[in-house]
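Here the structure comes first, spelled out in structure tokens, and everything after it is commentary.
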Amino acid sequence: MIIMTYYMDVYGCQMNVHDSEIIAGILEADGFTNVDNPGSADVILLVSCAVREHAETRVLGRASQLGGLWQNRKQGEPLIVLCGCVAQEHGQDLLDRFQNLDLVVGPDCYRDLPLLIRNSTRQALVEFRKGDYTGIDPLRKRFPGAFVTIMRGCNNFCSYCIVPYVRGRERSRSGDSIIKEIRDLSEKGYREITLLGQNVNSYRELDTSFPELLDMASDAAGSAWIRFVTSHPRDFNRETVEVMVSKDNICNHLHLPVQSGSDGILQRMNRGYTIADYREKIRMLRDSIPEIVLTTDIITGFPGESLDDFQRTVSLLDEIRYDNAFLFKYSERTGTSAYDLADVIPEHVRLERLNYLQEFQRGITLEKSGELRNRILNVLVTGSAKKPDQQAARTRGNRMVILQGTDYEPGTFVDVRITRADGWTHFGEPVGVEDI
């Protein structure tokens with residue numbers, strides 16, 4: 001068998017990052033080897049995200065740029081493969097638009113990649129398939145952290161979201177296979193295991209619900225921390241909170257996307273809950289876990305968003321005071337039901353509202369982070385930071401902490417005193433190392 005080399009670029013969410021690890025595992029099990037330079041690769045893979053227009057534009061721009069490097073495709077020049085959600089969304093049309101693109105492969109078809117690449121037949125393969133990637137050994141890149149996919153797809157059909165159309169309907173993995181994977185990761189020294197799904201709360205396999213899976217995952221992880229994303233407010237429940245309270249290794253961080261502070265906009269988004277419902281779940285969380293670190297997603301400029309709707313969102317930020325928030329202006333996605341909604345908000349208004357929210361939330365984040373000064377927190381050292389004399393670490397609440405002049409092995413738990421904070425980034429001094 002001829003040994004082939006591959007290079008991969010990844011765009012988008014944590015699910016895409018883990019999909020890239022699955023792709024690498026599939027390729028390397030078939031004899032491929034990874035290279036760091038696209039110019040020396042036999043095949044270049046782009047793992048794409050279609051959730052937001054910007055992410056799609058970036059990956060298509062990269063595909064065009066790479067194709068331009070080899071205008072007259074000769075034998076020995078790399079194949080260019082577009083994988084992921086953009087591939088699923090556009091399929092054959094991408095081959096028609098980009099003449100230097102060789103393969104278009106959707107998220108359910110990665111097992112076929114080695115054969116497709118070796119055959120070198122120009123085609124699009126974007127079938128929806130019921131199976132998952134159980135049995136594939138991902139080539140993990142984040143030690144001491146690891147992703148474990150517990151489900152794929154989504155049934156929610158939020159009016160702005162293209163995920164159900166490009167990832168398919170929900171299907172949950174076998175609980176036994178998930179627990180085995182978690183146990184294996186813990187035995188290999190991984191210390192932060194994140195359960196992934198488009199909506200982890202809707203996990204159900206036979207009679208096993210998400211809270212039950214979370215309880216078993218905590219036991220299987222041993223001393224490793226457990227995180228989970230993403231949660232949908234409609235499905236997040238008291239049983240999950242009770243498991244979080246009962247298990248020391250489940251992190252005190254929850255990402256709970258609210259998307260808007262207006263009931264009218266939430267209804268147009270087809271989110272399935274009211275702000276009163278959401279407030280009650282936040283109250284339940286904070287009553288049960290006073291140290292909970294809360295983050296969220298918000299979209300501003302959704303069609304029909306009045307000034308009053310927007311002000312309700314600002315008021316919600318002020319009321320709940322999230323530790324951090326991921327804020328976006330509405331991006332039209334062809335194929336979603338929101339694409340044809342009336343009362344489109346002008347682009348400059350969307351941007352103005354986004355800028356306002358970002359500044360408003362930044363003040364809250366700085367205040368909340370500043371409250372940690374002189375607190376001693378347990379952190380997990382994850383590796384090198386940007387500067388050569390610094391290391392990066394994470395708290396249980398998923399806050400980034402920078403350590404100066406330390407040389408801990410990744411995977412070490414350290415107690416640190418927080419000395420200062422710059423938004424979501426904190427700086428700390430070690431006060432002790434935790435034995436594992």
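What follows is calculated from the coordinates using simple rules that are stated; it is not laboratory data. As the structure is a computational prediction, the values presented were derived from the model and not from experiment. Methodologically, a virtual Cβ is constructed for each residue, glycine included, from the backbone with ideal geometry; neighbour enumeration extends over all protein chains shown.
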* Would you mind ranking I182, I376 by Cβ crowding within 10 Å, fewest neighbours first? => I376, I182
* Please list the equivalent ellipsoid semi-axes of the chain, computed as the square roots of five times the alpha-carbon gyration tensor eigenvalues, in descending order and whole angstrom. => 34, 29, 22
* Compute the separation of the alpha-carbon centres of region 406-422 and region 1-67 and state it in Å as a whole number. => 33 Å
* According to the Cα gyration tensor, what semi-axes, each the square root of 5 times an eigenvalue, does the equivalent ellipsoid of region 142-251 have, listed from largest to smallest in whole Å? -> 23, 15, 12
* Dipole of region 3-120, positive direction: furthest Cα of N119, P107, Q88, with charges on the beta-carbon -> N119
* Structure fact -> Relative contact order of region 1-64 (C-alpha contacts under 8 Å, at least 6 apart) in percent is 44 percent
* the chain, helix-only ellipticity at 222 nm - DSSP H runs n ≥ 4, -39,500 (n - 2.57), divided by all residues, nearest 500 -> -10500 deg cm²/dmol
* Asked: Among all the lysines, which ones have a C-alpha under 22 Å from K386's C-alpha, if same-chain residues fewer than 8 places away are not counted?
  -> K141
* Asked: Could you give P(r) for region 5-125, binned at 10 Å from zero, as whole percent values over all Cα-Cα pairs?
  -> 14, 52, 32, 2
* **When each of K188/K247; K281/K368; K281/K329 is checked by Cα-Cα distance, pairs over 23 Å** => K281/K329
* Asked: About the Cα centre of the chain, what is the dipole size in debye to 20, counting +1 per Lys and Arg Cβ and -1 per Asp and Glu Cβ, all else neutral?
  -> 380 debye
* Using only Cα atoms, locate the centre of region 325-393 and the centre of region 195-272, then give the distance between them in Å, rounded to an integer. => 20 Å
* **Positive dipole terminus of region 254-371, leading residue within A276, T336, T313 (C-beta point charges)** => T336
* Asked: Tell me, in nm to one decimal, what length is gained between R171 and V431 on full extension, where the rule is 0.36 nm per residue of separation less the Cα-Cα distance?
  -> 89.1 nm
* Quick one: if you take sqrt(5λ) for each eigenvalue of the C-alpha gyration tensor of region 124-173, what semi-axes come out, biggest first, whole angstrom? -> 24, 15, 11
* List the relative contact order of the chain as a percent without decimals, with contacts defined as Cα pairs under 8 Å and 6+ residues apart. => 10 percent
* Structure fact -> If R191, R417 are placed from fewest to most neighbouring beta carbons inside 10 Å, the sequence is R417, R191
* List the GluC sites (Glu not before Pro) in region 282-347 that DSSP assigns to loop (not H, G, I, E or B) and whose Cβ has at most 15 other Cβ atoms within 10 Å. Which are they? -> E291, E332
